[in-house]
Amino acid sequence: MPSSRIVQIGVIGAAHGVRGEVRVKAFTAELTALKRYKPITDDAGTRVFAVSTLRPLKDDMLVVRFKGIDSREQAEKLNGVGLYVPRDELPPAEEDEFYWADLIGLRMERADGAPIGEVVAVTNFGADDLLEVRLEGQKRTVYVPFTKAIVPVVDVAGGRLVADPPDGLLDEPTDGEPA
């Protein structure tokens with residue numbers, strides 16, 4: 001499914017040393033894949049980053065030197081900048097694996113076709129992935145666990161997810177419950 005969307009593949013952290021290197025937290029399955037992607041940009045697409053060198057630091061961290069960043073001062077200014085690539089540059093997802101960017105915007109419906117809402121975000125607070133769904137005709141969102149039992153059908157090409165949410169998940173909050 002071709003797309004002009006961008007996907008975050010990492011975020012620049014603190015400067016590393018005095019020669020312009022930075023720490024980069026990678027969000028790629030293969031840690032060193034960052035060097036294969038072109039173009040790498042910021043979220044606005046206004047700044048392009050070219051990897052000059054990189055080396056692993058730990059499980060999800062790299063030390064990277066970007067072309068044109070030659071001092072610690074320049075590197076410090078990059079702290080917190082997200083690194084993005086066009087979705088089309090990423091390899092196809094494996095079976096039963098999905099890029100979060102491909103899930104956002106999909107409509108969620110029940111098995112009988114009744115609408116539930118639209119996926120507005122995907123998050124993970126440390127346990128499992130959660131789909132944040134804006135309920136049909138409402139401003140309210142709910143978190144739906146992204147498991148095979150609750151979301152048995154993911155049809156990215158068809159723009160939909162089929163879900164069987166647990167009882168009570170979609171109910172209006174009652175007095176005293178957070179919205």
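The values are calculated or read from the model by the stated rules, or taken from the named source; none is laboratory data. Since the structure is predicted, the reported quantities are computational estimates derived from the model, not experimental observations. Counting neighbours? That spans all protein chains shown, and the Cβs are built from the backbone with ideal geometry, glycine included. All accessible areas refer to the heavy atoms of the entire protein, side chains included, with ligands and DNA or RNA removed. Shrake-Rupley method; radii C 1.70, N 1.55, O 1.52, S 1.80 Å.
Quick look at the numbers
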| read-out | value |
| --- | --- |
| Enumerated strands (runs of 3 or more DSSP E) restricted to segment 1-80, each holding at least 1 residues that are touching a His at 6+ places or on another chain (Cβ under 9 Å) | 21-26, 51-58, 61-66 |
| Cross-chain or 6+ apart pairs with Cβ under 6 Å, segment 2-28 first and hydroxyl-bearing (Ser, Thr, Tyr), then at pLDDT below 95 | Ser3/Arg87; Thr28/Ile9 |
| Some residue of segment 99-107 being of a type in the set (A, V, I, L, M, F, W, C), under 30 Å from Ala163 (Cα atoms), part of a strand (DSSP E or B) and out of contact with any helix residue (DSSP H, G or I) (no Cβ under 6 Å at 6 or more places or on another chain) | no |
| Residue ID - least open to solvent (accessible area, probe 1.4 Å), chosen from residues in segment 57-73 that are at pLDDT below 95 and of a type outside the set (D, E, K, R) | Met61 |
| Matching residues in segment 138-149 - criterion: being under 13 Å from Ile116 (Cα atoms) and either assigned to a loop (DSSP other than H, G, I, E, B) or in contact (Cβ under 8 Å) with a residue 60 or more places away in the chain (or both) | Gln138, Lys139, Arg140 |
| Pairs with Cβ under 6 Å, 6+ apart, first in segment 37-55 and hydroxyl-bearing (Ser, Thr, Tyr), second buried (at least 18 other Cβ atoms within 10 Å of the Cβ) | Tyr37/Val85; Thr41/Tyr84; Ser52/Arg65; Thr53/Arg65 |
| Residue in segment 123-137 that is free of Cβ contacts under 8 Å to residues at least 60 places away in the same chain, on the phi > 0 side of the Ramachandran plot and not in a strand (DSSP E or B) present | yes |
| Residues within segment 137-154 that are more than 19 Å from Thr174 (Cα to Cα), open to solvent by 50 Å² or more (accessible area, probe 1.4 Å) and touching a strand residue (DSSP E or B) at 6+ places or on another chain (Cβ under 8 Å), tallied | 2 |
| Output for segment 77-104, where each listed residue is exposed (fewer than 13 other Cβ atoms within 10 Å of the Cβ) and in contact (Cβ under 8 Å) with a residue 12 or more places away in the chain | Gly80, Asp88, Asp96 |
| Those residues of segment 1-32 which are at pLDDT below 90, open to solvent by less than 80 Å² (accessible area, probe 1.4 Å) and among the small types (Gly, Ala, Ser), in sequence order | Ser3 |
| Matching residues in segment 109-128 - criterion: being under 14 Å from Thr147 (Cβ atoms) and surrounded by 17 or more Cβ atoms within 10 Å (Cβ to Cβ) | Val122 |
| Any hit, segment 168-178, residues being modelled with pLDDT under 95, of a type in the set (Ser, Thr, Tyr) and under 29 Å from Glu95 (Cβ atoms) | no |
